[in-house]
1. Once you list every other residue whose beta carbon is under 14 Å from the beta carbon of A:GLU62, what net charge do they have if Lys and Arg are +1 and Asp and Glu are -1?
2. Pairwise over distinct Cα atoms, reciprocal of the mean inverse distance: report the Kirkwood radius of the range A:1-64 in Å, one decimal place.
3. Test of understanding: in a Gaussian network model of chain B with alpha carbons linked when under 10 Å, which of B:ARG60, B:ARG80, B:ARG36 would top the mean-square fluctuation ranking?
4. Can you give the Rg/Rh ratio of chain A, where Rg is from the C-alpha atoms and Rh is the Kirkwood radius?
5. When chain A is treated as a GNM, springs tying every alpha-carbon pair under 10 Å, which of A:LEU21, A:LEU43, A:LEU76 comes out with the largest mean-square fluctuation?
6. Quick one: divide the alpha-carbon radius of gyration of the protein assembly as shown by 2.2 N^0.38 Å and tell me what you get.
7. Find the sum over both chains of the accessible area lost when A and B are paired, probe 1.4 Å, and report it in Å² to the nearest 100.
8. Under Stokes-Einstein, with the Kirkwood radius over Cα pairs standing in for Rh, what whole-number D in µm²/s applies to the range B:4-110 at 37 °C and 0.692 mPa s?
Amino acid sequence: DGGITQSPKYLFRKEGQNVTLSCEQNLNHDAMYWYRQDPGQGLRLIYYSQIVNDFQKGDIAEGYSVSREKKESFPLTVTSAQKNPTAFYLCASDTGEVGELFFGEGSRLTVL
Amino acid sequence: SQQGEEDPQALSIQEGENATMNCSYKTSINNLQWYRQNSGRGLVHLILIRSNEREKHSGRLRVTLDTSKKSSSLLITASRAADTASYFCATDRTTGNQFYFGTGTSLTVIP
């Protein structure tokens, strides 16, 4: 079945450490997105990529980095520069045309 | 922020009743979408309505759009306990295929 796989589902990090969240899709979608969700809040866009080897900052990119070396993969690195990284992170993809976003099941990051 | 806002923030109803939630947004849009999120899970697309449409149905879902009031509503008829989830509206941005998500309505359907 086609879909988006995020890993790990739960991740704990000590302050000062970088962590990388994985996002893989086999939907053959051109566009991929990373969102952050805080408790009781909506989704905020961190980074997005509309094509391989290209990506753009979203609304809250500071302290995050991404790469898009393959169409299927869009990993997100939460760096030590992100002051409040504890959150639920959601990866999504779409065809790049107007339509629905397909989401992964999310990764919950907790900073200890 | 151009984020939409859902109203109410939380809604609790009995099984079999109808649930209505509203979304207001700030700028002109080309389309608006509704998503559902079960606790601790990813979002699932429910329905898309374009700016030139006023109403759309999908199963037990009915969505309306009033562009003059910059608002949309989602009606779930004959609710079931399995409808318990958070519901988000998403409006498109002027550049690219990205969306602004609202703050969500948390729906609880009591069996």
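1. Counting the neighbours of A:GLU62, the net charge comes to +3.
2. Working: mean 1/r = 0.0738 Å⁻¹.
Mean inverse Cα-Cα distance, inverted, gives 13.6 Å.
3. In this elastic network of chain B, the residue with the biggest mean-square fluctuation among B:ARG60, B:ARG80, B:ARG36 is B:ARG60.
4. 0.94
5. Looking only at A:LEU21, A:LEU43, A:LEU76, the largest GNM fluctuation is found for A:LEU43.
6. On the way: Rg = 17.5 Å, N = 223, 2.2 N^0.38 = 17.2 Å.
It is 1.02.
7. On the way: alone 6390 and 6120 Å², together 10760 Å².
Summing both chains' loss of accessible area gives about 1700 Å².
8. After rounding, the answer is 239 µm²/s.
The values are calculated or read from the model by the stated rules, or taken from the named source; none is laboratory data. Here the structure is a predicted model, which is why all the values come from computation and not from measurement. Glycine also receives a Cβ, built like all others from the backbone with ideal geometry; neighbour counts cover every protein chain displayed. SASA here: full protein model, heavy atoms, side chains in, ligands and nucleic acids out. Shrake-Rupley method; radii C 1.70, N 1.55, O 1.52, S 1.80 Å.
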